[in-house]
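Participant: Here it is, the structure in full.
The values are calculated or read from the model by the stated rules, or taken from the named source; none is laboratory data. Note that this is a predicted model, so its numbers are computed, not measured. For neighbour counting, all protein chains shown are included, and Cβ atoms are generated from backbone atoms with ideal geometry for every residue, glycine included.
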Amino acid sequence: MGKAAEPPVSPFFARDVLRRIRQEPTWHDRLAGWLRPGRLIPIAGVAVAVIAASMALHQPMPQTDDGADDPPDVVANIDPQDYDAVVDLDDLLANEDDNVWTENESLSL
């Protein structure tokens with residue numbers, strides 16, 4: 001019984017906790033850390049390289065005029081029986097487009 005129990009926490013516990021809270025970086029400090037030139041330059045370089053590579057890979061193939069006289073496959077595959085229906089298709093579509101504009105103009109006047 002002659003022994004005193006030690007305090008469970010340090011007498012400076014509150015001071016240490018508050019110091020740690022003050023030392024934690026805020027969102028502004030974290031953002032400033034990411035925007036440092038030491039990090040920003042390599043990240044920007046990688047981003048530019050990825051964009052350039054994606055643009056280079058998605059370029060359309062150059063078209064040659066070798067088959068300029070050949071009709072497109074869709075036109076070549078039309079059956080002679082269906083040709084009568086396809087002949088007037090452009091006229092019907094043009095007529096429909098004209099009607100749409102005429103109806104909108106009559107409503108606005």
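Participant: If you check every pair at least six apart or on different chains, which have Cβ atoms under 8 Å apart with a residue in region 9-26 that is on the phi < 0 side of the Ramachandran plot first and a residue that is surrounded by 10 or more Cβ atoms within 10 Å (Cβ to Cβ) second?
Facilitator: Within 8 Å, the pairs are 10/16; 25/33.
Participant: Considering only residues that are of a type in the set (S, T, N, Q) and either at pLDDT 85 or above or under 17 Å from the mean Cα position of the chain (by Cα) (or both), which ones fall in region 21-66?
Facilitator: First, the residues of region 21-66 that are of a type in the set (S, T, N, Q): 23, 26, 54, 59, 63-64.
23, 26, 54 - these are the residues of region 21-66 that are of a type in the set (S, T, N, Q) and either at pLDDT 85 or above or under 17 Å from the mean Cα position of the chain (by Cα) (or both).
Participant: At pLDDT below 70 and either over 30 Å from residue 33 (Cα atoms) or aliphatic (A, V, I, L, M) (or both): which single residue out of 73, 79 fits that description? Even if it seems obvious, please write down each step before you answer.
Facilitator: Details: 79 fails: at pLDDT below 70.
Of the residues listed, the single one that is at pLDDT below 70 and either over 30 Å from residue 33 (Cα atoms) or aliphatic (A, V, I, L, M) (or both) is 73.
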